[in-house]
Structure formats: structure tokens, C-alpha cells
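Below: the structure, in C-alpha cells.
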Amino acid sequence: EIPVGLKISIASGPALRFLVGNPEIQVIDALAGKLLSRMAAGEHLALRGDILIDEDTYHTLNPAYSVHVNEWRIGNDESKFAAIASQDVEIADFPIRNIQIPIPPELVKPYLLPPIWDRLQFGHGEFFVELRPATIMFIRFEDIDFDTDNKATEKLNTDICAIQDVLKHHQGLLLQLNIGDKGAYIYACFGAPIAHENDTYRAVSTALEILKVTDLSNQIGISQGIVWTGAYGSTTRHTYGILGDDVNLASRLMNIASAGEILVNGRVYYILAKQFTFEPRSPITLKGKAEPLSVFAVTGVQQNRSIRLQEPDYSLPMIGRKSELETITQ
């Protein structure tokens, strides 16, 4: 049976599979094409507890499996999806074989994030799931047509490599690359698994630099907060991941950002109000949140005052140091 809240969309057909990324940092296995957009269209039509299969999948299964269709649903692109009942699907009993195949480390290393590889190499074990503060960044690229543009994968690889270099400089991590109906976008993090006292500053600095080295039309969303971090998955395949409300918020900010715009949540603004310049944007409402959330656009770097000393950040008087203060005054 399908767990409560889960919905499944399945589509069949040809897709483009390729590798992107700097092998010295991380290589990412990517899948793209109209197939993923069609699968996403089915997901938008699905309700909780639904299994939707597209027309191609239905014809592939029938008549061998006699799939019972509860109803047909039509997507915005006129694609057809069959809603099927899970109890009506004949499940083949495929035995699971646990085959251990030794893989040379030099083949594995390019696919793992450097901190993950280092932890495994030094025998520090798995990452425990924990709550910790982090800054999340989502970046969407300009529209890339993977079905007709012969240079689409080359364009994406160039941007990914450039972003990886910037992230490495500021010690952030690229966690995921997603390609689908919303275009191509990446999900990066600062503060996990490696933390610094100024991770939020590093994230915004990275975003400004990324707009310079890639395309000024990219959209970026950044959020800071408490998230769940750690290893997720089964014994056959698991990955390091980060989950939480601020991950969803950063994604939402990316989606509403204009071309070439960096949108941040209120926490990022209050942390960095003296280091960057911002402009307020219309607050947004999120599911499960009682109050609208503040949104700000990053417009640049604050120019530090020169010649005179910075004013203190506190209002209480200095106690003692009378002779030193007189010397400074003179």
C-alpha cells in the first residue's frame, strides 16, 4: 500500500542521460528531456494515495498485466494519465540479490562530495541525522532545451563547473541537480556538513559571484534556519541530504525571483543588513505558516566607511581607560 501523503507519477519513453561537473569536485549523473516534464505533469494531476501512469506506460503494461483504470486525467499539455488502484496491480515477486562487486576507489571518488569522501576514507562512519543551522541556496538556470539544442548538455556543464568552483572557494556544497518541468536548477548548502561562523555571508557572496560567472538571468533563492541533516536512504543506496522548512522556502524564493535576482528570507536580511544592501519585496504566504514571511532582494555589497573609525554597536559608556581616551581624543 502507498504510505499516507505519497503520490506516484510514472512516465515511459526516451530520455537524455549525461554527466556534468568538475571531476576534481563532483560528477553528477543527470537525466533530461520531455519525458521528465511529462512525469511532472502527472505528479501535478495526482492526489494523495494516487498512482498515475502515462498513456505510453499503460499501453506497455497492457494486456500482459491487465491494469484496471479508475479514471483518465488530462494534463495542461494534453497528455493523458491513467489513475490505477494499487491493489489491482499484479506485483511480480523479484528476489533481491545482495551482490557485492568491488569497485576501485578512483571510480567512486568523483561521484561523492569531498567531505563525504573524506569522512568515509578516515573511517569516521555515517553522518547521524541531526538538527543544525544552515543556509540553503537554490539556483535556476536560463531555459535550456535538451530535446532540440545539441549544445544543451555543454551549456549546463559549463555553468555547473563554474558554480562548483565558486562554491568550493566559499566552502559551500552542491547537493542536487534537478531537471524537469521547472527547468534546470541546483540545490546548495552552507553550514552542513562543514560549518563556519559566517555561512550566511558566504552564501550571499557566492550568489553575487555566480551571477557574474554564469548568466545574469539566473534566479536565486536563499534561506537561513534550522534544518535536518544527515544520511538518508536504504542499505543499497543512501545519500547525504538536508530537509526542512527553509529548504522549501529557498526553493519558493527561487521560483518567484525575477531574472538575475537574489531573494532572501528575513533571517538572512537581519544577519547581513550591515554587509549587503537590500530592497524589500512583497511578503509571501506559505502553507502551514500563520503570518506572511518577509522577503528581500540583494542589491549589492555595503561600502565600508573610510577615514573615520566605525561607531560602536553599543550605547553604554566606556568605563575606565580615562588616560587612553584622552590620548585618542588628542
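The values are calculated or read from the model by the stated rules, or taken from the named source; none is laboratory data. Note that the coordinates shown come from a computational prediction; the quantities given were computed from them, not determined experimentally. Positions of Cβ are backbone-derived with ideal geometry, glycine not excepted, and every protein chain shown enters the neighbour counts. Heavy atoms of the whole protein, side chains included, go into the accessibility calculation; ligands, DNA and RNA do not. Shrake-Rupley method; radii C 1.70, N 1.55, O 1.52, S 1.80 Å.
Residues being in contact (Cβ under 8 Å) with a residue 12 or more places away in the chain, in a loop (DSSP other than H, G, I, E, B) and open to solvent by 50 Å² or more (accessible area, probe 1.4 Å): count how many of those fall in the range 27-66. Don't jump to the end; show me each part of the working.
Filtering the range 27-66 down to residues in contact (Cβ under 8 Å) with a residue 12 or more places away in the chain leaves 27-58, 60, 65-66.
Among the residues that remain, those that are also in a loop (DSSP other than H, G, I, E, B) are: 27, 33, 46-50, 65-66.
So of that shortlist, the ones also open to solvent by 50 Å² or more (accessible area, probe 1.4 Å) come out as 47-48, 65-66.
Qualifying residue count, the range 27-66: 4.
Mind listing whichever residues of the range 12-26 are buried (at least 18 other Cβ atoms within 10 Å of the Cβ) and not in a loop (DSSP other than H, G, I, E, B)?
Matches in the range 12-26: Val20 only.
So Leu6 passes all but one of these: (1) surrounded by fewer than 19 Cβ atoms within 10 Å (Cβ to Cβ); (2) of a type in the set (A, V, I, L, M, F, W, C); (3) touching a strand residue (DSSP E or B) at 6+ places or on another chain (Cβ under 6 Å). Which condition number does it fail?
If we test Leu6 against (1) surrounded by fewer than 19 Cβ atoms within 10 Å (Cβ to Cβ); (2) of a type in the set (A, V, I, L, M, F, W, C); (3) touching a strand residue (DSSP E or B) at 6+ places or on another chain (Cβ under 6 Å), just (3) comes out false.
Restricting the search to the range 181-197, which residues are surrounded by 17 or more Cβ atoms within 10 Å (Cβ to Cβ) and farther than 18 Å from Trp117 by Cα?
Answer for the range 181-197, where residues must be surrounded by 17 or more Cβ atoms within 10 Å (Cβ to Cβ) and farther than 18 Å from Trp117 by Cα: Ala184, Tyr185, Ile186, Tyr187.
Being over 30 Å from Val166 (Cα atoms), among the aliphatic types (A, V, I, L, M) and at pLDDT 85 or above narrows it down to one of Ala82, Ala92, so name that one.
Within the list Ala82, Ala92, the selection yields Ala82.
For the subset of the range 267-308 comprising residues that are of a type in the set (Gly, Ala, Ser) and modelled with pLDDT under 95, which member is nearest to Ser223 (Cα to Cα)?
Ser294
Just to be sure I understand, how many residues within the range 14-33 are farther than 30 Å from Ile116 by Cβ and in contact with a Pro (Cβ under 9 Å, 6 or more places away or on another chain)?
Going through the range 14-33 one residue at a time, the tally reaches 0.
Considering each residue of the range 67-87, count those that are over 23 Å from Ala15 (Cβ atoms) and either of a type in the set (Asp, Glu) or open to solvent by less than 80 Å² (accessible area, probe 1.4 Å) (or both), and give that number.
Matching residues across the range 67-87 total 5.
Name the residues in the range 239-272 that are aliphatic (A, V, I, L, M), open to solvent by 10 Å² or more (accessible area, probe 1.4 Å) and either within 15 Å of Val227 (Cβ to Cβ) or within 12 Å of the chain's Cα centre (by Cα) (or both), would you?
Scanning the range 239-272 gives Leu243, Val247, Leu249.
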